[in-house]
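The values are calculated or read from the model by the stated rules, or taken from the named source; none is laboratory data. None of the values given here were measured: they were computed from a predicted structure. Virtual Cβ from ideal backbone geometry, glycine too; neighbours counted across all protein chains shown.
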């Protein structure tokens with residue numbers, strides 16, 4: 001038996017004793033936590049926002065509890081700081097940081113195509129390697145690869161020039 005943390009949106013949709021969840025495991029030195037999602041779009045939202053500096057699992061789960069992936073995508077697209085501040089644990093600075101990190105990207109898999117999700121993953125990977133967001137965004141626009149790994153490799157080659 002495992003303890004799995006779920007968003008309020010997810011828990012309100014659970015109607016039977018046996019369910020299948022998509023799981024994200026977060027391993028820290030003091031805990032191994034499982035986060036479950038009924039649909040892949042909510043999991044993608046969680047996995048994307050958890051990579052943002054200053055956003056931990058509790059805040060990411062609070063975002064998933066407060067907004068659906070499509071409503072969060074609209075908030076990011078419209079750059080709505082006030083809506084994002086409604087999430088418990090997110091203040092004005094945190095809301096602004098999240099919107100800056102996700103600017104130009106739509107998180108919702110239902111309203112975006114696969115290439116947008118690949119670009120988000122590649123961008124976050126390159127930024128975690130220390131490259132600046134504006135440079136990464138410019139380089140990724142000129143790349144043509146179709147998978148995240150290929151896109152990161154192609155971008156790294158262009159960044160070395």
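Observations on the model:
- Test for residue 120: is it in a helix (DSSP H, G or I) and within 21 Å of residue 97 (Cα to Cα): yes
- Of the residues making up segment 99-117, just one is farther than 11 Å from residue 51 by Cβ, modelled with pLDDT of 80 or more and crowded, with 16+ Cβ neighbours inside 10 Å, namely 99.
- Complete set of residues in segment 135-147 that are farther than 25 Å from residue 70 by Cβ, over 18 Å from the mean Cα position of the chain (by Cα) and either surrounded by 10 or more Cβ atoms within 10 Å (Cβ to Cβ) or modelled with pLDDT under 85 (or both): 135, 138, 139, 143, 145
- Of all residues in segment 84-96 being surrounded by fewer than 16 Cβ atoms within 10 Å (Cβ to Cβ) and touching a residue at least 12 places away in the same chain (Cβ under 8 Å), the one that is farthest from residue 55 (Cα to Cα): 86
- Helices (runs of 4 or more DSSP H) enclosed by segment 1-105 - at least 1 residues per element that are over 13 Å from the mean Cα position of the chain (by Cα): 8-13, 57-66, 69-78, 81-84, 92-102
- Among the residues of segment 124-134, those identified as modelled with pLDDT under 85 and surrounded by 13 or more Cβ atoms within 10 Å (Cβ to Cβ) are 124, 125, 127, 133.
- Looking across segment 11-35 at every residue that is touching a residue at least 12 places away in the same chain (Cβ under 8 Å) and touching a strand residue (DSSP E or B) at 6+ places or on another chain (Cβ under 6 Å), the one that is nearest to residue 66 (Cα to Cα) is identified as 35.
- Restricting attention to segment 148-161 and to residues that are part of a helix (DSSP H, G or I) and out of contact with any helix residue (DSSP H, G or I) (no Cβ under 7 Å at 6 or more places or on another chain), the residue that is surrounded by the most Cβ atoms within 10 Å (Cβ to Cβ) turns out to be 154.
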